[in-house]
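Heads up, the thing below is written out as structure tokens.
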């Protein structure tokens, strides 16, 4: 760690916000250094400086990155006024506040990242960075090539056309009148897969995110979480280089992540992690588990 660093970078390391959002905090006069409000961007702080946001002291947290297989019926939020099941009830208690990177709607399941690294979250969530996300979608009806092409070209959402998508018809079940699709996106627009399917008259019945970058669902069971290590995070950062938004998404098989020790589910219990994993770099990469929240679909 450098002896001095720019204040907005320091705030991002503290998990307060992304660097860009931290700059807004500074300009708005919400940040103080050694008791004095600082509003000048580019201000540097060192290890002995005392930094506070809205009067609350902040210190760099241990940066953690967790991959969850979110079950259907669970909200991607840390709190819900209606007391519906949320991902917070599934996340292991690692001593820091982990926030979701992007979203999976309540009726969808599959992979989602959580972290207290604001800068990393911003780079993963921003559409321009082009992190591939792959989905297994079941849609109503026998979708034809014309409609598949329309989904690949994109549709208008909130006044902007979605970027090109890789869409492949995997199969059709005549008995249930449902088609199975493989969809790969480089964007993270709100309910994008569902809205693409709705636009061509084939609404989504089931939706599962099975890959984020090189990370694949594989044997991670519903409601299980894995603590990611430096190798995985470095690969995601590398893949997050800004992408050309006009680039057509090609089929790129997801590389399987290296093996990690799996902690088996406890047959009973009150929803605490089966063990507390060590931080990355101390042999702590592995699966942790919490009992699915009440009301979650399995």
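All conditions in (1) surrounded by 15 or more Cβ atoms within 10 Å (Cβ to Cβ); (2) in a strand (DSSP E or B); (3) touching a residue at least 40 places away in the same chain (Cβ under 8 Å) hold for residue 206, with the sole exception of (1).
Candidates in segment 1-40 are the residues that are touching a strand residue (DSSP E or B) at 6+ places or on another chain (Cβ under 7 Å) and more than 16 Å from residue 57 (Cα to Cα); of these, the one that is surrounded by the most Cβ atoms within 10 Å (Cβ to Cβ) is 6. Where strands (runs of 3 or more DSSP E) fall entirely within segment 1-110, none has at least 1 residues that are at positive phi and at pLDDT below 95. Identify all residues within segment 46-69 that are free of Cβ contacts under 8 Å to residues at least 60 places away in the same chain, surrounded by 13 or more Cβ atoms within 10 Å (Cβ to Cβ) and within 30 Å of the chain's Cα centre (by Cα); write none if there are none. Across segment 46-69, the qualifying residues are 51, 52, 53, 58, 60, 61, 63.
So in segment 141-164, with the set limited to residues that are in contact with a strand residue (DSSP E or B) (Cβ under 6 Å, 6 or more places away or on another chain) and either outside any helix (DSSP H, G or I) or at positive phi (or both), which one is surrounded by the fewest Cβ atoms within 10 Å (Cβ to Cβ)?
To start, the set of residues in segment 141-164 that are in contact with a strand residue (DSSP E or B) (Cβ under 6 Å, 6 or more places away or on another chain) comprises 142-143, 148, 151-152, 154.
Remaining after also requiring either outside any helix (DSSP H, G or I) or at positive phi (or both): 142-143, 154.
Working: 142: 14, 143: 22, 154: 19.
The extreme case among them is 142.
In this structure, residue 121 qualifies as touching a strand residue (DSSP E or B) at 6+ places or on another chain (Cβ under 6 Å), in a helix (DSSP H, G or I) and under 30 Å from residue 14 (Cα atoms). Is one or more of the residues making up segment 90-97 in contact with a strand residue (DSSP E or B) (Cβ under 8 Å, 6 or more places away or on another chain) and surrounded by fewer than 19 Cβ atoms within 10 Å (Cβ to Cβ)? Scanning segment 90-97, I find no residue that is in contact with a strand residue (DSSP E or B) (Cβ under 8 Å, 6 or more places away or on another chain) and surrounded by fewer than 19 Cβ atoms within 10 Å (Cβ to Cβ), so the answer is no.
When the residues of segment 172-198 are filtered to those that are free of Cβ contacts under 8 Å to residues at least 60 places away in the same chain and touching a helix residue (DSSP H, G or I) at 6+ places or on another chain (Cβ under 7 Å), the one that is surrounded by the most Cβ atoms within 10 Å (Cβ to Cβ) is 196.
The values are calculated or read from the model by the stated rules, or taken from the named source; none is laboratory data. Note that this is a predicted model, so its numbers are computed, not measured. A quick note on method: Cβ atoms are made from the backbone with ideal geometry, for glycine too, and the neighbour counts reach across all protein chains shown.
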